[in-house]
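Contents: one structure, followed by commentary.
The values are calculated or read from the model by the stated rules, or taken from the named source; none is laboratory data. Please read all numbers here as calculations on a predicted model, not as lab measurements. All Cβ positions, glycine included, derive from the backbone under ideal geometry; neighbour counts span all protein chains shown. Accessible surface is based on the protein model in full, side chains and every heavy atom, while ligands, DNA and RNA are left aside. Shrake-Rupley method; radii C 1.70, N 1.55, O 1.52, S 1.80 Å.
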Amino acid sequence: MKVYLDHAATTYTDPEVFEAMKPYFCEVFGNASSLHGFGREAARAVDKARGQVAAALGCKPSEVYFTSGGTESDNWALKGIMHAHTDKGRHLITSKIEHHAVLHACEQLEKEGFEVTYVDVDENGKIRMDQLEAAIRPDTVLVSVMAANNEVGTVQPIGEIAKLCKAKGVLFHTDAVQAVGSLPLNVSEQGIDLLSLSAHKFYGPKGVGALIVRNGVRLDKLIIGGAQERSMRGGTTNTPGIVGLGEAIARAVGGMEENNAHVRALRDHFIDRVQKEIPDLRLNGHPTDRLPNNVNFSFEYVEGESILMTLDLKGIAVSSGSACTSGSLDPSHVLLAMGVPVELAHGSIRFTFGRRNTLEETDYTVEVLKETLQNLRAMSPLFNPQRGEIKHV
Amino acid sequence: MYSEKVMETFAHPQNVGVIEDADGVGTVGNPTCGDIMKIYLKIDKDTDVIRDAKFQTFGCAAAIASSSMATGMIIGKSVDDALKIKNRDVVEALEGLPPQKIHCSVLAEEAIKLAVDDYRKKQGKS
């Protein structure tokens, strides 16, 4: 049996989304910037998609800028805003558990002389609102906090953060890459100034995303070239990708409740069985206020990558926060920021459910996971089966 | 990213376990850095030949495969010959390791060395 439980990494493209994209490769191939009929037909398809994004997120079509994906959108939001507002200040605030697209863009800005405050999160991964509020200064330009975390699924109070930012006269960006299609989002009602999204997280194609920029918010360009995207983002319009994004977001937001109910039922069944049947583990992230498809466990006495690879041998795809999968020496910065002990962070596994998963697959995964942990724990010098506790070496 | 040999060795590791009356034990790594390797040796005191080797490892697939391969390579060898096995030999036997996993083979070399040191200390030969 093959079981895909890594939907936070990427989803498959919905076959109906793919169908909608197909004509824009070989038939309607015109450059959307061209004046002739070939171009105008492509431009109409892009306009339709822009309308679909706006309708899904409660913003105006003129506030939607298509990009190559979440990383570009995050880079553009942070660098574009900070570079455009040096008259006000050079200070920006974010959280310690952001995606690397945000954190590494912050590091780059620090090298350029900007100042960044990294706000802590609590043990469930929720941002410390008191710290956030205290960090806002007269020269603070931007606050960037993700809508939901990619590793542990914890949902942040972005409406509340947006309100605080508005009261303090600070711009607010949210990386909503994991949230679109899982959480209700309304840019104008929630008072969000900038929002990043990526199509391949909600059953759209890879390589296309968007940055929503509220009208009137001034930001510098990131990618300079032609006059695409109202002269704000150069590069030939990715018509098939954008068509796919539009179809995908319309379906994801339209079918959100049904999809959430499906993945939540599987996820809760999975958590329930794993907690009952496997000893010595920890559920990472908020117990309830988390993405409906996300579960993240740390398993004691074993290292995450070895669990991942064993599950892979049985056809089950998951991801791990262990250092061994990231290529760095440190395990997940998200788990460490939440205060998860380093050795437990090394043993963390993320399971993210999707539309096609079934109860049968979920039960199969529990069975394989039980066997995997028995075998790996039996092999571990930290595990003492007689005492069932960590043996210090 | 892993060779077929690494995956095969990881999927069916040899020499897993503990030797209760081991003549030498070597432990390297710690849980904070994500790898611990513990190697147990049973050695013929008259000939210094390694009769049995077992391991316990907390670590990634490469660490477990390296432990399995390295213990397999030293069984039947004299302790002097076992010490000649370098991490590169383990990597070669595994048909390669990704660059960031080379340290797993180094752990295996070090654990063997520590286990032999422990044996020699116990024998008063160090």
When you go through (1) open to solvent by less than 30 Å² (accessible area, probe 1.4 Å); (2) touching a Gly at 6+ places or on another chain (Cβ under 8 Å); (3) farther than 25 Å from A:Glu189 by Cβ; (4) not small (Gly, Ala, Ser) one by one for A:Val116, which number turns out not to apply? (2)
Would you mind telling me which numbered condition in (1) open to solvent by 10 Å² or more (accessible area, probe 1.4 Å); (2) away from every other protein chain (no Cβ under 14 Å); (3) part of a loop (DSSP other than H, G, I, E, B); (4) free of Cβ contacts under 8 Å to residues at least 40 places away in the same chain A:Asp330 fails? (2)
Kindly indicate whether any position in the stretch B:3-10 is more than 30 Å from A:Leu336 (Cα to Cα), open to solvent by less than 10 Å² (accessible area, probe 1.4 Å) and more than 10 Å from chain A (Cβ to nearest Cβ). no
Unmet criterion (only one of (1) within 14 Å of chain B (Cβ to nearest Cβ); (2) open to solvent by 20 Å² or more (accessible area, probe 1.4 Å)) for A:Ile307: (2)
Mind telling me which of the residues A:Glu110, A:Glu16 ends up being loosely packed, with under 15 Cβ neighbours inside 10 Å and closer than 29 Å to A:Arg356 by Cβ? A:Glu16
Pick from the stretch A:333-365 the residues that are more than 24 Å from the chain's Cα centre (by Cα), surrounded by fewer than 18 Cβ atoms within 10 Å (Cβ to Cβ) and of a type outside the set (Ser, Thr, Tyr): which of them is nearest to A:Glu303 (Cα to Cα)? A:Asp363
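Based on what the data block shows, is A:Val302 open to solvent by 30 Å² or more (accessible area, probe 1.4 Å) and not in a strand (DSSP E or B)?
Taking the combined requirement at face value, the residue does not satisfy it.
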Residue under question is B:Val18, and the condition is that it be within 14 Å of chain A (Cβ to nearest Cβ) and in contact with a helix residue (DSSP H, G or I) (Cβ under 6 Å, 6 or more places away or on another chain); does it hold? no
Take A:Ser68 and decide whether it is touching a strand residue (DSSP E or B) at 6+ places or on another chain (Cβ under 8 Å), open to solvent by 30 Å² or more (accessible area, probe 1.4 Å) and small (Gly, Ala, Ser). yes
Test result for B:Thr47, in contact (Cβ under 8 Å) with a residue 12 or more places away in the chain, polar (S, T, N, Q) and open to solvent by 20 Å² or more (accessible area, probe 1.4 Å): yes
The residue from A:Leu245, A:Leu266, A:Leu283, A:Leu291 that alone is of a type outside the set (Gly, Ala, Ser), buried (at least 23 other Cβ atoms within 10 Å of the Cβ), in the same structural domain as A:Thr362 (by TED's automatic domain parsing) and in contact with a helix residue (DSSP H, G or I) (Cβ under 8 Å, 6 or more places away or on another chain) is A:Leu266
Just to be sure before I move on: is A:Val152 in contact with a Phe, Trp or Tyr (Cβ under 7 Å, 6 or more places away or on another chain) and crowded, with 24+ Cβ neighbours inside 10 Å in the structure I sent? no
Top-ranked residue in the stretch B:31-44 [being within 13 Å of B:Ala63 (Cβ to Cβ) and open to solvent by 30 Å² or more (accessible area, probe 1.4 Å); ranked as farthest from the other protein chains (Cβ to nearest Cβ)]: B:Cys33
I'd like to verify a number: residues in the stretch A:248-263 that are assigned to a helix (DSSP H, G or I) and open to solvent by 10 Å² or more (accessible area, probe 1.4 Å), how many? 11
